[in-house]
Amino acid sequence: MSWRIRMNIDSSIELKPYEILSIPLNRQLNNSWNRSKIQFYLTNSISNRQNLKSLMQTHYHINIKRCLSKETESIITIEKKQKISIESSNFILVCGQNICGQLGLSTTIIERRKPQYLKIVNKLNQDENIQYICAGGMHSCALTITGYVYTWGCNDDGALGRITDDINDEYIPDLFVLPEEIQSLCAGDTFTVALAKSGRAYISGCFRCSEGLLGLFEYKQITQQSIVIPLNQSIKQIACGADFCLLLTENGDLYSFGNNETGQLGRDSHLEPKENSSVWLQPSQISFFHGQHILNIWAGGHGFFVLTQNSTIHLFSCGSNSFGQLGHSLKQPIYLPIEIKEISFVDKIIKISCGLQHTLILDSNGYVYGLGRSDDGRLGNNLINDIIIPKQIDNLTNIIDIAAGGSVSFVINKYGQIYSFGMGDTCQIGHGNEDIFIPTLIKCKQLEKRKIQQISVGAQHTLFLVKEDLN
């Protein structure tokens, strides 16, 4: 059982839209208690949560400071003038567990077995047009076409990038206030990263390790509002695992920071957190890839993949390999990147998606391959043995996108249809709570005459970005 301590904020000042709360770092919530990994959050009932809330509330008084920049003003002006066509809008469907508000639905809703519509509106009560979605471990994020970011779900560690007065605030999508227009999002279990068009990246929350709180840039630090990632290079791509982050710069350098207990930073600093936390928490270059031309990066769970090209294309992986999910036979942590040589189609790889203990690979021919742990149907072949060499998943063709979660998998075909497979306990695969051992089409009224644009999977929930099919 993981206890959630709530923080109430007392203030006589009424907040206006787009105001920013300011809280000194030395007044951050004390997170010295131990907490289990995000995948094992349990809640017995809504009534138990309310009792826990009343017993364990901690009151903080903070100063509220207005911080409305000229850049923010210009964005607001654009939003007021915007008129979104319903026919062309992308919107979000959700399913899975809602015990921490990660579905953005009412506090009375514990779970949804089938995808359900999530309404996100701006301060003018207009429906937002969403261009990208991102699920963290127990929280969710959405990026609008105008560059705004909305967040909702568990905010115990500051992952929402905003102050939440009470539990109800976490269940409502609201603005992650940022000083400039955002072009992409990424999230881990307890943190969120937003990449601006300028090449600057903003982060809120913290990293965690097996001992509990690890910190963000400083040991045991939590940042409840976004701060700039300290890097003197422009960033072009971000990839997040459960408890670490990768940054690919415009210069082609690859940086990492966060937890490194299983080698997920690729920097060979596998010491105890207290002994080496300062090294882990500061973005540092992965020297192994210095001078190499990096084509793409992917991260998830506790490991990552890097695709490079010099004269030929190569695929490297690093991190936790306990079930062979990194494509290596040695089932132990890999602290420095190792090339995967058993993939015959490496030059055709267009995407890799990492679950907690399994991996999906998509090639340019529209085929999907699985690696790692295979029980509970997560590799879609009704297997029970671990897969070390990528195995093609039967009956999947014309696939254009993939998404892997803790113990679940999703694919989208060129017709905008979505198939899922894996463990059904959390209802996040869209087929109720039954395990699905072979890829199965998700059918429900919310998906009729609609095309799936994107999928993002959290620890216990799934987000679907969809669009009306006008054909």
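Please enumerate the residues belonging to the range 112-132 that are under 21 Å from residue 164 (Cα atoms) and outside any loop (DSSP other than H, G, I, E, B). Answer for the range 112-132, where residues must be under 21 Å from residue 164 (Cα atoms) and outside any loop (DSSP other than H, G, I, E, B): 118, 121. Summed over the range 288-302, the residues that are polar (S, T, N, Q) and over 30 Å from residue 373 (Cα atoms) give a count of 1.
For beta carbons closer than 6 Å, sequence separation of 6+ or different chains, a first residue in the range 341-358 that is closer than 14 Å to residue 315 by Cα and a second that is part of a loop (DSSP other than H, G, I, E, B), the qualifying pairs are 348/364; 350/364.
Contact map, the range 228-241: first residue over 24 Å from residue 140 (Cα atoms), second residue surrounded by 15 or more Cβ atoms within 10 Å (Cβ to Cβ), Cβ cut-off under 7 Å, separation 6 or more or different chains; pairs are 230/283; 231/247; 231/255; 231/283; 233/249; 233/253; 234/249. Of all residue pairs spaced 6 or more apart or on separate chains, none has beta-carbon atoms under 9 Å together with a first member in the range 451-471 that is at positive phi and a second member that is assigned to a strand (DSSP E or B). Of all residues in the range 373-388, those satisfying the criterion of being within 23 Å of residue 339 (Cβ to Cβ) and touching a residue at least 60 places away in the same chain (Cβ under 8 Å) are 386, 387, 388. Of the strands (runs of 3 or more DSSP E) lying entirely inside the range 381-471, none contains at least 2 residues that are in contact with a strand residue (DSSP E or B) (Cβ under 6 Å, 6 or more places away or on another chain), aromatic (Phe, Trp, Tyr) and more than 24 Å from residue 142 (Cβ to Cβ). If you check every pair at least six apart or on different chains, which have Cβ atoms under 8 Å apart with a residue in the range 288-302 that is without any contact (Cβ under 8 Å) to a residue 60 or more places away in the chain and in a loop (DSSP other than H, G, I, E, B) first and a residue that is buried (at least 16 other Cβ atoms within 10 Å of the Cβ) and charged (D, E, K, R) second? Short answer, once both residue conditions are applied: 290/253. Exactly one residue out of 250, 261 is exposed (fewer than 14 other Cβ atoms within 10 Å of the Cβ) and of a type in the set (Asp, Glu), and it is 250.
Is it true that residue 370 is free of Cβ contacts under 8 Å to residues at least 24 places away in the same chain and either at negative phi or surrounded by fewer than 22 Cβ atoms within 10 Å (Cβ to Cβ) (or both)? Answer is no for this residue.
When 188, 205, 215 are checked against the criterion of being crowded, with 19+ Cβ neighbours inside 10 Å, of a type in the set (Gly, Ala, Ser) and more than 13 Å from the chain's Cα centre (by Cα), a single residue qualifies: 215.
Bear in mind these aren't lab numbers, they're just calculated from the coordinates by the rules spelled out. Just so you know, these numbers come straight off a predicted model, no measurement behind them. Note that we place each Cβ from the backbone using ideal geometry, even for glycine, and neighbour counts take in every protein chain shown.
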